[in-house]
Amino acid sequence: MYKETVINGKGKPGADEIEQAVKNKWIEIVEVGESALTKLLEKDLDKGESACIAYAIDQKCEWILLDEQDAREVADLYGLKKTGIIGLLMRARLEGKIENLKELLDRLRDEADFRISEELFQMALKDTGEIK
């Protein structure tokens, strides 16, 4: 997953930020071995989502980061608490780690082709105080 995002994704939106987060030990890269659960999950999800969910279950993680709806539904089946990139960015904005959430959400839409509904877009800006 790290190789896919940082090495193969060099120059794409988010790759530099992920590389920096790894260097700062904010993100830890772990190897997830193939198991019966990962194989089962891969019938409906991609390899990265399957590994992420299997790891979260095995390690009893408190939270899991998922954006794709089908993966979020599977996480629900296992009782995993989840957030996505928008929730992560909202938290960073509320904690003062980023100044302009709207700019980042616009970049996600425009540069990374990230799909976000207008309703969620506006809610994120309201909930973080960027708009009233």
Sole residue being of a type outside the set (Phe, Trp, Tyr), loosely packed, with under 14 Cβ neighbours inside 10 Å and either touching a Gly at 6+ places or on another chain (Cβ under 6 Å) or not assigned by TED's automatic domain parsing to the domain that holds ARG107 (or both), chosen from GLU19, GLU31, GLU49: GLU31
Only one of ILE57, ILE27 is at pLDDT 90 or above and either among the β-branched types (Val, Ile, Thr) or in contact with a His (Cβ under 7 Å, 6 or more places away or on another chain) (or both), namely ILE57
Starting from the stretch 105-130, take each residue that is farther than 14 Å from LEU89 by Cα and list its partners that are surrounded by 13 or more Cβ atoms within 10 Å (Cβ to Cβ), counting only C-beta distances under 6 angstrom and pairs at least six apart or across chains. GLU111/PRO13; ALA112/PRO13
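The values are calculated or read from the model by the stated rules, or taken from the named source; none is laboratory data. Predicted model only: the values in this text are computed from it and were never measured. Cβ: placed from backbone, ideal geometry, glycine included. Neighbour counts: every protein chain shown.
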